[in-house]
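Quick notes on the structure that follows.
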Amino acid sequence: MSMDPAALADRLGRWSAGRGPLYLLLAARLRRLIDEGELAPGTALPPDRALAAALTVARGTVVAAYEELRREGRIRRRQGSGTRVAGPVRPGPRESTGAPVFLHLLEPRDDVVLLACAAPDAPPPALPAAYERALARLREVTGDIGYHPLGHVRLRRAVAEHYARRGVPTEPDQVLVTNGGQQALALLARAFVGPGGTALVEAPTYPGALEAFREQAAAVRTLPVGLDGFGRAVRDRGRRPDLAYVAATHHNPTGAVLPPLAAYGRTVISVGSLSKSVWGGLRVGWIRAPRPVVDRLGRLRAVHDLGGNVAAQLAAAELLPRVESLCADGAADRRARHDHLRTELARRLPDWQAPPVPGGQTLWVRLPHGDGDSFAQTALRHGVAVLPGSGLDASGGSREFVRIHFLADHATLTTAAERLARAWRAYEGGEPDRDTPPSRALAV
């Protein structure tokens, strides 16, 4: 077992966002990963120099952190055999996600501006009003135990009508309601892509989809964003994927737009949610698919989740007929925030390439040099979290990109741009570590 430096950097999460010397912050996070079993006994840790490069810190910071853990007996360091987690080699617990997009949500916010997870920062007034109407319906419920693995019939009907309004005739029994879009992706991965199977994705793409496929130990093949080569790839009998995933409307992260794919084939499965158009706290999503697929997915879901929150589903059913107008009402504000962030970046970071997007919530920013992984570490130490492009690209590319959302208010976006500019100056100049002690530890 050997830990790749970039993978360990991802798993460390926001390790440097606290107070105190960097080497102690690094040691504290490594200690936690070891104690919680995330780094199993016998795991080979990256060499000092390699981990320092991945974290954009001085080599002495890693050496000092490793020395702290060596003195505690948590790691072993030997010349010629490297650094390993102490204890007999044995299979560890199943590896959990190390994707930054999730780790940023799991960490306390402290003083970090989160531009890594793109979602509205407050529920719209229409949401509490929808809940009020939903609660009135709940008062009338009788003869219903509240378990609906396929989803409440009112919401399934509302989702079907939502697709029909967009020119895709749909029946309620073609709809499975989920707890958000991420659960939908996880269900589809579990249903169609087993270990050793193949998923076809765009490069770059939504990182949550990549994590869902990786959790199933699937191989991931890539194509450029769009449909060029897509038809040929799915018809290739020798290498036909088990499942192909594309983002049709306002692609994450580039903002590109494709046709409504569900209108072009009966085997197309669509995933949707209200997390981006309404609020992330409304954990309601859905899958539109042929009825046999919905039935199969429902049986899979029932094992893990007997059904979602009924009140939330009734509120979503109230909102869905108005979701297009809700999006239209907020479009001018989103455009203003998009323009404001681009203006701030152009003023403070003129060498960055941050082209405008036709929709969505994110900018796909190309750095003039360096790589997004190491810059994201520097940015975090300056109080702003961004997603490195490599985590969105299964082909191994996009390392020169970072993804930044523009949904925060103008003042927060200005603060974020100021911090990014300071981080970039430090990144270009080789920022010195703070309070790193001299170390006589053996460099391995």
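The values are calculated or read from the model by the stated rules, or taken from the named source; none is laboratory data. Given the structure is predicted, the values throughout are model-derived calculations rather than measurements. Don't worry about glycine lacking a Cβ; one is built from the backbone with ideal geometry, like all the others, and counts go over all protein chains shown. We work out accessible area using only protein heavy atoms, side chains counted, and drop any ligands, DNA or RNA first. Shrake-Rupley method; radii C 1.70, N 1.55, O 1.52, S 1.80 Å.
Output the number of residues of region 4-32 satisfying the condition of being over 23 Å from Val384 (Cβ atoms) and surrounded by 20 or more Cβ atoms within 10 Å (Cβ to Cβ).
2
Quick check on region 125-155: of everything there that is of a type in the set (Lys, Arg) and in contact (Cβ under 8 Å) with a residue 60 or more places away in the chain, which residue is nearest to Arg299 (Cα to Cα)?
So in region 125-155, the residues of a type in the set (Lys, Arg) come out as 133, 137, 139, 154.
Okay, now just the ones that are also in contact (Cβ under 8 Å) with a residue 60 or more places away in the chain, so 133, 137, 154.
Values: Arg133: 31, Arg137: 28, Arg154: 20 Å.
Only one residue fits best here, namely Arg154.
So which of Leu413, Leu392 ends up being farther than 30 Å from Leu200 by Cα and surrounded by 23 or more Cβ atoms within 10 Å (Cβ to Cβ)? Lay out the reasoning, then the answer.
Values: Leu392 fails: farther than 30 Å from Leu200 by Cα.
So the residue among Leu413, Leu392 that is farther than 30 Å from Leu200 by Cα and surrounded by 23 or more Cβ atoms within 10 Å (Cβ to Cβ) is Leu413.
Need the failing condition index for Gly360 against (1) open to solvent by 40 Å² or more (accessible area, probe 1.4 Å); (2) at positive phi, just the number.
The number of the failed condition is (1).
Consider Arg422 carefully, then state whether it is of a type in the set (D, E, K, R), out of contact with any Pro (no Cβ under 6 Å at 6 or more places or on another chain) and more than 26 Å from His250 (Cα to Cα). It would help to see each step written out before you state the result.
On the way: of a type in the set (D, E, K, R): yes; out of contact with any Pro (no Cβ under 6 Å at 6 or more places or on another chain): yes; more than 26 Å from His250 (Cα to Cα): yes.
Spelling it out, Arg422 is indeed of a type in the set (D, E, K, R), out of contact with any Pro (no Cβ under 6 Å at 6 or more places or on another chain) and more than 26 Å from His250 (Cα to Cα).
Has region 317-326 got at least one residue that is touching a helix residue (DSSP H, G or I) at 6+ places or on another chain (Cβ under 9 Å), aliphatic (A, V, I, L, M), more than 29 Å from Leu127 (Cβ to Cβ) and at pLDDT 95 or above?
No.
Looking at (1) modelled with pLDDT under 95; (2) within 28 Å of Ala385 (Cβ to Cβ); (3) among the small types (Gly, Ala, Ser), find the lone condition where Ala312 falls short.
(1)
Which of the residues belonging to region 330-344 are open to solvent by 40 Å² or more (accessible area, probe 1.4 Å) and either at pLDDT below 90 or in contact with a strand residue (DSSP E or B) (Cβ under 9 Å, 6 or more places away or on another chain) (or both)?
Within region 330-344, Arg342 is the sole residue that qualifies.
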